[in-house]
Amino acid sequence: MNTAIEAGLISKTELTFFRDLPGFKGARHFELEPIGDDPEGVFARLRCSDPVTTQGGQVLENLALLVMSPGVLWHDYEVGIDELTVEQLGISKAEDVLIIAIVHPRDPLSSSTANLYSPIVVNRVNGLADQLVPALSEREVGWSVRTPFPTEEGE
C-alpha cells in the first residue's frame, strides 16, 4: 500500500500494538488522546496502560509519549506500508490508516523534532497499531528519526 498519507487529525482511540513498541518491553496497550480542547487534533498523548521495562532495565509505570499527525506540518510526507503490515493490522483501505510520529519535545516547541523515519501506523477501524521501520537507513526514505520542525522560511 504505497500511497500518500493525508494530514489526518488524531481522535481519542484505544490502541493495541501488534508487538511491543521498540525500546519498551511490554508496551502494547495505549490510549491515544488529543491534547487541547478539541476532540480531534494535531498533537496527542500516547499513554501506555502496561507496566513497561526499558532496554536499560528500568521499570516505567506511566509511559506517555507526545505524538503528532506529521502530514500537517510536512505536506510532502509519504509512507509506503508493506503488505505484511497491512495484513497484520487488518487494513482494508487507505482511508482507515492514521500515521502518527513520536515527537521529541524541546522548549520552545518549535525546536522540537519528530521521528518521521519510523512512524506509527494505526488502523482506525480496529485500533491495531505498529511502529513501521520502512528501510535500513534514513537515507533510503529521506526522513530522519530527529526531523526538525519546519520553520516559516523552510515551508
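The values are calculated or read from the model by the stated rules, or taken from the named source; none is laboratory data. Treat the numbers as computed from the prediction; the structure is a model and nothing was measured. Every residue, glycine as well, gets a Cβ built from its backbone with ideal geometry; the counts of neighbours run over all protein chains shown.
The table that follows gives values for the structure above.
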| quantity | calculated |
| --- | --- |
| Selected residue (criterion: modelled with the lowest pLDDT) from residues of the range 80-98 that are closer than 19 Å to residue 116 by Cβ and either touching a helix residue (DSSP H, G or I) at 6+ places or on another chain (Cβ under 8 Å) or not aliphatic (A, V, I, L, M) (or both) | 80 |
| Condition check for residue 134: touching a residue at least 60 places away in the same chain (Cβ under 8 Å) and assigned to a loop (DSSP other than H, G, I, E, B) | no |
| Residue selected from the range 124-144 under the condition closer than 22 Å to residue 20 by Cβ and at pLDDT below 85, by the criterion surrounded by the most Cβ atoms within 10 Å (Cβ to Cβ) | 134 |
| Qualifying positions in the range 56-75 - of a type in the set (Val, Ile, Thr), closer than 30 Å to residue 150 by Cα and surrounded by fewer than 18 Cβ atoms within 10 Å (Cβ to Cβ) | 72 |
| Matching entry among 147, 53, 85 (being surrounded by 14 or more Cβ atoms within 10 Å (Cβ to Cβ) and in contact with a Lys or Arg (Cβ under 6 Å, 6 or more places away or on another chain)) | 53 |
| Candidates 102, 10, 35, 91 - the one that is in contact with a strand residue (DSSP E or B) (Cβ under 8 Å, 6 or more places away or on another chain) and farther than 16 Å from residue 129 by Cα | 35 |
| From 106, 139, residue being of a type in the set (Lys, Arg) and either in a loop (DSSP other than H, G, I, E, B) or within 25 Å of residue 25 (Cα to Cα) (or both) | 106 |
| Counted residues, the range 44-79 - those being under 13 Å from residue 116 (Cβ atoms) and assigned to a strand (DSSP E or B) | 4 |
| Checklist (1) surrounded by 14 or more Cβ atoms within 10 Å (Cβ to Cβ); (2) modelled with pLDDT of 95 or more; (3) closer than 21 Å to residue 19 by Cβ applied to residue 114, failing item | (3) |
| Any hit, the range 80-103, residues being more than 11 Å from the chain's Cα centre (by Cα), among the acidic types (Asp, Glu), closer than 26 Å to residue 36 by Cα and in a helix (DSSP H, G or I) | yes |
| Test: residue in the range 15-23 that is at pLDDT 90 or above, buried (at least 17 other Cβ atoms within 10 Å of the Cβ), more than 14 Å from the chain's Cα centre (by Cα) and not basic (Lys, Arg) | no |
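Here is a yes/no grid of residues against (1) under 18 Å from residue 22 (Cα atoms); (2) of a type in the set (Ser, Thr, Tyr); (3) touching a residue at least 60 places away in the same chain (Cβ under 8 Å):
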position: 54; (1), (2), (3): yes, yes, no
position: 64; (1), (2), (3): yes, no, no
position: 67; (1), (2), (3): yes, no, no
position: 71; (1), (2), (3): no, no, yes
position: 81; (1), (2), (3): yes, no, yes
position: 86; (1), (2), (3): no, no, yes
position: 89; (1), (2), (3): yes, no, yes
position: 93; (1), (2), (3): no, no, no
position: 103; (1), (2), (3): yes, no, yes
